[in-house]
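Worksheet for the structure shown next.
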Amino acid sequence: MISTNNRWYVIIWHTLLANLMMQAGRLLYFFYNQSFFPEVGTGQLLRLMQGGYVLDMVAIGYGFLLYYLMMLVGAYLPARVEMSRWYRGVRHAAYFVPYTLFAFLNVSDTGYFPFVLRRVNSEVFSEFEGKSAVGFYREFMVDFWPLTLAFIALMILGVLGYRLVRLERSGKPSVGRLTNAVCSVVLVVFLFFSMRGRWDFKGEPVCIPDFARYTSDYHQMPIVQNTPVSLIKKSMTRQEFDFYDEEALSRIFSPYYRAAPLAEGDTLFGSMKGRNVVVLLLESMGREYTGFFNRKIEDYVSYTPFLDSLCSESLSARYGFATGKRSVESFPSIFVSLPSFGGTFNDKNYRMDNYRHFDTFDTGLPCSLRDSGYELKFYHGDEAGAMGFFPFLQKLGVEEQYTAEDYLATHEDRPEDRINGWNGIHDLPFMTAMAEDMNHLQEPFGALFFSLSNHHPFKLPPQYVGKLRKGTLPIHETAQYADLALRRFFDRVKDEPWYPNTLFVLTADHTNLSDHPAYENLAGHAAVPIAFFDPQGKLKGEIDDYVAQHTDILPTLLYLLGIEEPVLSYGSNILDPNAEHIGLNFFYNQYLLFAKEVTVTMTPYGAIRVEAPVPYLQTEKEHAALPSEEVQKHYVQLLKAIAQDYNHRVFKTSFSIKDVRPRR
């Protein structure tokens with residue numbers, strides 16, 4: 001332990017210690033998630049840490065401000081005041097409270113990254129509003145025990161490092177008044193510019209785009225960032241693009257869709273008019289866990305035998321993509337045909353008069369079904385209103401819901417049916433109860449179901465522990481359980497009179513944990529099953545000439561049901577071979593476009609990158625190469641046009657069909 005009466009040495013050491021903690025958190029973030037950044041070598045990692053230092057000082061400047069003020073003011077206070085127990089106690093707390101908080105945020109965010117592929121930001125609080133933080137982190141500490149040990153190590157480092165150099169005022173001051181005054185000015189100037197994140201007065205303080213220069217690929221930005229800054233400063237600022245004038249834009253893309261026969265004598269158009277519609281949205285059921293969609297990969301292990309058998313009897317998309325990375329992003333894309341591109345319908349930051357986002361749409365699947373005389377009901381085994389799902393659907397005309405409360409009102413409250421930390425009901429008992437409740441719906445009906453069990457912390461009901469294949473990831477067991485629940489649901493409803501007159505849509509909200517090499521890429525992080533199951537057998541086969549996405553579900557259903565009212569849609573009818581077929585997504589803070597020929601990424605600031613399609617996930621293995629420049633140019637133009645149209649509607653017009661014109 002070193003005691004000194006030179007406060008400037010102490011300040012320098014404690015600042016270095018805080019920086020060491022932040023950089024250690026960054027290294028942990030990188031090495032724990034290294035499979036997502038295979039291109040980052042030692043040299044590039046040092047470059048990312050260089051940019052990270054600047055953002056770390058932004059966090060340290062704001063977070064430790066009280067500590068710095070107390071050290072600064074203490075230079076001009078009598079020794080008996082500064083060295084009093086209360087003053088030192090407050091100063092110690094002013095250091096250790098932000099130190100502990102920052103270490104905790106960086107470490108816990110390390111485990112969160114594989115689920116969302118970004119640093120956590122303020123949206124997480126609205127996304128998990130009403131959930132038990134204590135229960136969530138209790139599970140986290142156990143499931144991610146290496147990170148728990150890392151947090152403990154950082155805390156030990158902090159305590160020992162802080163005590164290593166301590167201020168003791170005794171005897172003659174180590175520096176004179178003039179030196180104290182100069183050092184005080186230097187500290188104030190250093191903190192001021194550190195908090196700005198730049199050493200000039202130009203532009204916006206802490207302008208995140210400026211830090212892209214430290215990356216060799218924009219998707220490395222999460223390594224440069226730290227979680228404290230990410231929580232208070234959005235890494236993605238939505239902006240309007242002006243790539244094309246209005247006439248050129250309307251030629252390239254328009255979100256206008258109206259169902260119509262694809263050719264003279266088209267017998268499929270309207271062939272399912274009046275059918276019940278059941279959407280089965282399966283939590284985290286990425287394509288990676290299935291066998292049917294991976295049968296081209298040798299010796300592939302499936303965790304979904306029933307879903308595989310069902311898809312083999314369905315109209316399915318071999319190359320299907322989610323249009324988001326979170327549950328709250330899947331609802332707009334599936335039910336409104338509207339990608340989120342980084343925003344969510346329950347994001348309070350977007351609720352402003354000049355920021356039109358998810359509040360202006362007036363079309364969607366529930367709207368179309370309601371206007372056609374359907375009774376609509378939402379089924380979800382969580383609490384009523386969880387994550388804003390039902391309030392969102394209410395805007396579209398869904399008036400009824402069946403939740404955990406409804407289940408418990410008519411069923412025994414058994415501990416083994418409960419999901420710890422979610423206050424929800426496991427899929428199997430809930431889906432059985434849903435099957436019973438659906439018998440009371442008036443035909444034609446629309447039943448919209450969202451499952452729950454296949455979610456972190458990936459806990460099985462006690463009676464299934466040790467009964468399912470272990471797999472290589474925690475989610476592999478819960479995926480099998482969710483598949484079993486799906487099987488029991490169909491076993492329960494297959495003899496009901498309404499069953500043959502029903503069209504089922506099966507998909508997942510997003511992907512989740514991954515460990516298969518074929519899926520360690522952009523396409524793999526978005527690949528989900530998409531299938532339309534017709535018990536009458538009129539819809540069968542596999543769409544493999546092009547990709548499909550969540551936003552395609554609405555136009556495809558309207559075509560099959562023969563509903564001709566125009567809707568706003570960023571997707572296409574998957575049965576139309578002449579339509580533009582792509583997959584849209586947004587993660588790593590980039591706009592993404594997947595096509596069978598190519599993958600295109602665009603940063604929020606318009607920088608474009610083109611990559612070859614991924615074998616098995618976008619195209620056949622023998623075709624996984626970059627196409628001609630003409631094809632590349634086509635898809636680059638298309639992604640630019642879609643992003644421009646979308647963001648313009650966010651800021652200037654709306655997502656109302658009244659503001660949409662057909663493509664010229």
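For VAL547, the residues whose modelled amide H falls within less than 5 Å of its own, excluding neighbours fewer than 5 places apart on the same chain, are LYS596.
Would you mind putting 567-579, 155-167 in packing order, based on average other-beta-carbon counts within 10 Å, highest first? Can you show the working numbers first?
Numbers: 567-579: 20.9, 155-167: 15.2.
Taking the mean over residues of other Cβ atoms within 10 Å, the ranking is 567-579, 155-167.
Each listed q (0.11, 0.15, 0.21, 0.24 Å⁻¹) maps to a log10 I(q)/I(0) for the range 419-522 from the Debye sum over equal C-alpha point scatterers, namely -0.42, -0.73, -1.16, -1.36. Compactness check for the chain: Cα Rg over 2.2 N^0.38 Å is 1.06. With the simple model of a label 7 Å out from the Cα in the direction of the Cβ, ARG609 to TRP86 spans 5.6 nm.
Of the trypsin sites (Lys or Arg not before Pro) in the range 465-536, which ones lie in a loop per DSSP and count no more than 13 other C-beta atoms within 10 Å? The partial results should precede the final answer.
On the way: sites: LYS467, ARG469, LYS470, ARG487, ARG488, ARG492, LYS494; in loops: LYS467, ARG469, LYS470, LYS494.
Of the trypsin sites (Lys or Arg not before Pro), the ones in loops of the range 465-536 whose Cβ has at most 13 other Cβ atoms within 10 Å are LYS467, ARG469, LYS470, LYS494.
A crude spin-label estimate for the pair ARG469 and LYS621, with each label 7 Å from Cα along the Cβ direction, gives 2.0 nm. Its Cα centre serving as origin, the chain has a Cβ charge dipole (Lys and Arg +1, Asp and Glu -1) of approximately 3660 debye.
Give the calculated FRET efficiency between ALA409 and ASP299 to the nearest 0.05, with a Förster radius of 45 Å applied to their Cβ-Cβ distance.
Numbers: r = 47 Å, r/R0 = 1.05.
Computed FRET efficiency for ALA409 and ASP299 comes out at 0.40.
For the chain, the solvent-accessible area of protein heavy atoms averages 40 Å² per residue (probe radius 1.4 Å; ligands and nucleic acids excluded). The chymotrypsin sites (Phe, Trp or Tyr not before Pro) found in the range 221-321 that occupy coil by DSSP, while having at most 16 further C-beta atoms within 10 Å, are PHE243, TYR300. Each Lys or Arg adds one and each Asp or Glu subtracts one; over the other residues with Cβ under 12 Å from the Cβ of SER84, this totals +4. From the largest down, the range 450-586 spans 50, 43, 25 angstrom on the principal axes of its Cα atoms. Annotation: extensible slack from GLU246 through SER656 equals 145.8 nm (criterion: 0.36 nm per residue apart, minus Cα-Cα distance). For the range 392-403, backbone phi angles converted through the Karplus equation (6.51, -1.76, 1.60; θ = phi - 60°) give residue-by-residue couplings of 5, 5, 4, 4, 9, x, 7, 9, 10, 9, 10, 10 Hz, Gly and Pro being listed as x.
Which whole-number percent is the relative contact order of the chain (Cα, under 8 Å, 6+ apart)?
Numbers: 1197 pairs, mean separation 136.1, N = 664.
It comes to 20 percent, rounded to a whole number.
Between amide H atoms placed 1.01 Å from N, distances below 5 Å from GLY270 occur with LEU560, LEU561, GLY562, all of them 5 or more places distant or on a separate chain. Across the range 540-546, computed HN-Hα scalar couplings (Karplus, 6.51 cos²θ - 1.76 cosθ + 1.60, θ = phi - 60°) run 8, x, 10, 7, 10, 7, 7 Hz from first to last residue, x flagging Gly and Pro. Round to a whole angstrom and tell me the spacing of the C-alpha centers of the range 601-645 and the range 285-325. Comparing the Cα centres of the range 601-645 and the range 285-325, I get a distance of 24 Å. The Rg/Rh ratio of the range 1-93, with both radii computed over alpha carbons and Rh defined as the Kirkwood radius, is 1.13. Taking only protein heavy atoms and a 1.4 Å probe, the accessible area of the chain is 57% carbon and sulfur. Treating r as the C-beta distance of SER309 and TRP145 and R0 as 30 Å, the FRET efficiency rounds to 0.20.
Estimated from the Cβ-Cβ distance and a Förster radius of 22 angstrom, the FRET efficiency linking LEU157 and ASP217 is about 0.10. Here the alpha carbons of the range 540-616 define both size measures, Rg and Dmax, at 14.2, 42 Å. Rounded to the nearest Hz, the phi-derived 3J(HN,Hα) couplings of the range 630-635 under the Karplus curve 6.51 cos²θ - 1.76 cosθ + 1.60 (θ = phi - 60°) are 5, 5, 4, 4, 4, 6, where x marks glycine and proline. Calculated on the alpha-carbon coordinates, the convex hull of the range 200-299 measures out at 314 cubic angstrom per residue.
The values are calculated or read from the model by the stated rules, or taken from the named source; none is laboratory data. Since this is a predicted model, take the numbers as computed values, not measurements. Every residue, glycine as well, gets a Cβ built from its backbone with ideal geometry; the counts of neighbours run over all protein chains shown. Just so you know, the surface numbers come from the protein's heavy atoms only, side chains and all, with ligands and any DNA or RNA stripped out. Shrake-Rupley method; radii C 1.70, N 1.55, O 1.52, S 1.80 Å.
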